[in-house]
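Report on the structure given below.
The values are calculated or read from the model by the stated rules, or taken from the named source; none is laboratory data. Values in this document were obtained by computation on a predicted structure and should not be read as measured data. A quick note on method: Cβ atoms are made from the backbone with ideal geometry, for glycine too, and the neighbour counts reach across all protein chains shown.
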Ligand code: PEP
């Protein structure tokens, strides 16, 4: 059976500071958590270079840096946007694609998400594809069809090879930032479905692709979620801004 290395990723969204970068790196180093799992931090873009420099200063090169977003184009008159090249030059190795806030607040479709995903992959960065159903879809029993459409958009653009070197984050929208995490068994059922779907697209990838759960993960519920057979770690929002909580979550993976 393929052993998958757990990953715990922090999405700081529009929060954080240089001081928080210093604190998180210090605590990651002191706790030694990144010896057993991969730790990924995604601060706001203004902190990418600082984070990259500090992790090198602390000999923590194996704490990975993820961009929160990139534009699907390479360059141009796009005020406020960041290309994959700029993210890479600032030290990013991973890119979050299709976070539910990008999809809902910035109207990013699954097609645009797929374009960003492929842009990252082609530039040598690892995409973290976020997928998740809305409250309405959840209540109407449309979770699997919603996820299928989001994953198929990437398949359509990138072909089955697209899934070979990516991470998938299942983030039910009703659980993101609400304090109501999906019950572990329910999350497991969805993760198993996603793994099965990847298996039907690209059989050699199904056992190795890592699927993270995101949505109100806290130190209190992390162990139960991460112990599910198809849950390979988490994408953490709110709790990642409190270094002590984030480290505890990492220790549960
Ligand atoms: C997220 O935004 O990706 C997330 C999972 O947030 P939270 O942990 O706060 O629910």
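Kindly indicate the residue of segment 11-26 that is in a helix (DSSP H, G or I) and out of contact with any strand residue (DSSP E or B) (no Cβ under 9 Å at 6 or more places or on another chain) and also surrounded by the fewest Cβ atoms within 10 Å (Cβ to Cβ) among those meeting that condition.
Per the criteria, the residue is 19.
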Pairs, first more than 20 Å from residue 220 (Cβ to Cβ) and modelled with pLDDT of 95 or more in segment 169-197, second near the ligand (Cβ under 10 Å from one of its atoms) and assigned to a helix (DSSP H, G or I), C-beta under 9 Å, six or more apart: 173/100
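Just for segment 64-97: of the residues that are part of a loop (DSSP other than H, G, I, E, B) and closer than 21 Å to residue 38 by Cα, which one is nearest to the ligand (Cβ to nearest atom)?
68
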Only helices (runs of 4 or more DSSP H) wholly contained in segment 170-253 count here; list those with 2 or more residues that are within 15 Å of the ligand (Cβ to nearest atom) and within 22 Å of residue 143 (Cβ to Cβ). 184-201, 219-226
(1) assigned to a helix (DSSP H, G or I); (2) free of Cβ contacts under 8 Å to residues at least 40 places away in the same chain; (3) surrounded by fewer than 20 Cβ atoms within 10 Å (Cβ to Cβ): which one isn't true of residue 49, the others all being true? (2)
Name every residue in segment 138-151 that is over 12 Å from residue 194 (Cβ atoms) and either surrounded by 21 or more Cβ atoms within 10 Å (Cβ to Cβ) or modelled with pLDDT under 95 (or both), in order of residue number. none
Within segment 145-159, tally of residues that are assigned to a loop (DSSP other than H, G, I, E, B) and either touching a residue at least 24 places away in the same chain (Cβ under 8 Å) or within 16 Å of the ligand (Cβ to nearest atom) (or both): 0
So residue 8 clears everything in (1) outside any strand (DSSP E or B); (2) crowded, with 17+ Cβ neighbours inside 10 Å except one condition, right? Which one? (1)
For residue 162, work out the one condition from (1) modelled with pLDDT of 95 or more; (2) surrounded by 19 or more Cβ atoms within 10 Å (Cβ to Cβ); (3) part of a helix (DSSP H, G or I) it doesn't fulfil. (1)
Testing residue 135 on (1) in contact (Cβ under 8 Å) with a residue 24 or more places away in the chain; (2) surrounded by 13 or more Cβ atoms within 10 Å (Cβ to Cβ); (3) over 15 Å from residue 163 (Cβ atoms); (4) in contact with a helix residue (DSSP H, G or I) (Cβ under 9 Å, 6 or more places away or on another chain), one condition comes back false. Which one is that? (2)
